[in-house]
Structures are given as structure tokens and as C-alpha cells.
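Working notes for the structure below.
The values are calculated or read from the model by the stated rules, or taken from the named source; none is laboratory data. Model, not experiment: these values are computed from the prediction. Virtual Cβ from ideal backbone geometry, glycine too; neighbours counted across all protein chains shown. In case anyone asks, the SASA skips ligands and DNA or RNA and just uses the protein heavy atoms, side chains included. Shrake-Rupley method; radii C 1.70, N 1.55, O 1.52, S 1.80 Å.
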Amino acid sequence: MATIKLAFKPKNTTKKLLSNLKDRARDVIVKRYGLDQEESQTLQSIGDTYGITREGVRQIEHFAITAIRSSDSFMEAREIFDELRVAIEELGGVVHEDHLLEKLAKDKITQNHIQLYL
């Protein structure tokens, strides 16, 4: 099966979803999910950057995800989540995350953006 063509641009959607976060929360999400590079960073490495503990980074990440989920941008992106649900169903309903990401995008950074939505 070939790559599944998405009707939305993951990087643009992520930019909208992160737009209401404070700088540090946005930076933590970008680093944790590898949204600007292929590899995501560990809680420890992000904590070292900010001089805080891994738990502090985890709390910021949790706060940021909660803020995203309660934002207007998240509500506006509902059709994107419906599109991802359809893609999962097309692949049999239960699919390994790596396989799904490979079918939705060729490059690793775009896959990282999609992984944020999952």
C-alpha cells in the first residue's frame, strides 16, 4: 500500500495548535516530539537546558498538552483527527504507530508532527 495522502499539512496544523502556548511550554513540546529535528529529546536533556528536573519538564509538557486540548485551535482541528481515524481504519483498524506514521509521511519530522496528534 502506498503512502496515504493527507488533506492537511501537519506542520501548519502544529504551528496553529502551539500558537497559544507560552514560549517555554511551546519549546518543551517542540523538543519532546522532535518537531524541528528528527530526534526527540529526553526529559533530562530538556531539563538541563532550563535548569529544572525531569519532573518539572514532564509537568510543563502535561500542562501544554492540556492547554492545547482545551484551545479553540484544537476544536478547529477536529476534522484532522477524523482524517487520521479514517487512515487507521483503512489500515485495518489496529496498526502499529510506526507503520501508521510511515504510511502518512515519508520524512521523519513530519511523522513527528503527526505523532503529536496521536
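Sequence gap at least 6, Cα distance under 8 Å: using those rules, report the relative contact order of the chain to the nearest whole percent.
38 percent
In the structure displayed, which of 16/103; 31/106; 5/31; 11/106 lie more than 22 Å apart, Cα to Cα?
16/103; 5/31
Can you spot the aspartates and glutamates whose alpha carbon is less than 16 Å from residue 108's alpha carbon? Ignore those fewer than 8 places along the same chain.
36, 38, 39, 97, 98
How much mean residue ellipticity at 222 nm does the chain get from its helices, if each DSSP H run of length 4 or more adds -39500 (n - 2.57) and you divide by all residues, to the nearest 500 deg cm²/dmol?
-20000 deg cm²/dmol
Quick one: go through region 104-118 and flag any residue whose amide nitrogen is under 18 Å from the point 7 Å out along the Cα-to-Cβ line of residue 38.
In region 104-118, the label zone of residue 38 (backbone N under 18 Å from the point 7 Å along Cα→Cβ) covers 104-115.
Roughly how big is the chain's charge dipole about its Cα centre, with Cβ charges of +1 (Lys, Arg) and -1 (Asp, Glu), in debye to the nearest 20?
Value, rounded to 20: 300 debye.
Compute the distance in nm between two label points, each set 7 Å from the Cα along the Cα-to-Cβ direction, one at residue 48 and one at residue 90.
Going by the 7 Å Cα→Cβ label model, 4.1 nm.
Express the carbon and sulfur contribution to the solvent-accessible surface of the chain as a percent, rounded to the nearest whole number, probe 1.4 angstrom.
So the carbon and sulfur contribution to the accessible surface is 49 percent.
Can you divide the C-alpha Rg of the chain by 2.2 N^0.38 Å and report the result to two decimal places?
It is 1.10.
Need the full-extension length gain, residue 107 to residue 2, defined as separation in residues times 0.36 nm minus the C-alpha distance. One decimal, nm.
36.4 nm
Please calculate how many Å² of accessible area the chain carries per residue, with a 1.4 Å probe and no DNA, RNA or ligand atoms counted.
Value for the chain: 62 Å² per residue.
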